[in-house]
Amino acid sequence: MQTSNDIGVLTKSIREYGYTQYEFVRLSIIIRVSDMAAELVSSLLVVCLLFLFLLFISIGVGFYISNLMESYFLGFSIIAAFYLLIALIVLWKKETLVIPSLRNKLVKQLQASN
């Protein structure tokens, strides 16, 4: 009789341990996902604000160059050519600069322990 009772207690303890481990993993995943979501939202906000800043600076510089060249077409075409050059450089260096840095940042965020 004592052995049957001991097995029942052991089974109950194992079941409670398994449930505790399940809850721990579930809560750890929730914390990591919420941290990553908060990081994503804040990064998107910063990117949007930087985009607006760049947009208005570009418009201002475009008008300034247009004033110097006495042609709106030339002024804004120079700005467009500058951005095309930057886009081509990023496209050319994407495999060596952009993708590894984004991958490393994502891996660090996933491995961050709280």
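The values are calculated or read from the model by the stated rules, or taken from the named source; none is laboratory data. Bear in mind the structure is a predicted one, so any value in this text is a computation, not a measurement. Neighbour counts run over all protein chains shown; Cβ positions are idealised from the backbone, glycine included.
Listed here are the helices (runs of 4 or more DSSP H) enclosed by the chain that have at least 2 residues being surrounded by 10 or more Cβ atoms within 10 Å (Cβ to Cβ), modelled with pLDDT under 90 and of a type in the set (Val, Ile, Thr): 2-69, 99-111.
Taken together, Ala87, Ala38, Ala80 contain a single residue that is of a type in the set (Gly, Ala, Ser) and more than 27 Å from the chain's Cα centre (by Cα), which is Ala80.
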